[in-house]
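The structure appears right after this line, and notes come after that.
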Amino acid sequence: MLLHLRRFLSALALCFVLTSTASADAVVIVELKRPDGTAADGNVQLTKGEAKHRCSTKGGRCEIRGVQGGMYIVSVEQEGRPAPKDKSVVIPPSGEVKLIVNAP
């Protein structure tokens, strides 16, 4: 009986850890800046496999919530401007991250 209880508690603890880890996502604060440091507006996309997270900057800033940790490709589109080269970034599994993206 005690052995079954230990197995059950171990399995329950593992489920709790996996659930806690899965729900801990990052908030990414994006700042889009021109070479002179001024704010730029455009559309920013973070891509990791099939996962895509998008935001449109207003005053050079936007926020993306619920981003799972990992390696992402950052792409930017601005109306009437050439697109800068895509960059790779690593997003931590939780917390708030400031991502400064250079615009042309």
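The number of residues in region 57-86 that are surrounded by 14 or more Cβ atoms within 10 Å (Cβ to Cβ), hydrophobic (A, V, I, L, M, F, W, C) and closer than 18 Å to ALA39 by Cα comes to 4. List the pairs whose first member sits in region 58-76 and is farther than 16 Å from ALA26 by Cα and touching a residue at least 12 places away in the same chain (Cβ under 8 Å), whose second member is crowded, with 18+ Cβ neighbours inside 10 Å and of a type in the set (Val, Ile, Thr), and whose Cβ atoms are under 8 Å apart, counting only residues at least 6 apart or on separate chains? Sorted first by the residue in region 58-76, then by its partner, the pairs are ARG61/VAL30; SER75/VAL44; VAL76/VAL44; VAL76/VAL101. Scanning region 70-91 for residues that are outside any strand (DSSP E or B) and either modelled with pLDDT of 95 or more or touching a helix residue (DSSP H, G or I) at 6+ places or on another chain (Cβ under 6 Å) (or both) returns no hits.
The values are calculated or read from the model by the stated rules, or taken from the named source; none is laboratory data. Keep in mind that this is a model prediction, so the values were computed, not measured. Every residue, glycine among them, receives a Cβ derived from its backbone with ideal geometry; neighbour counts consider all protein chains shown.
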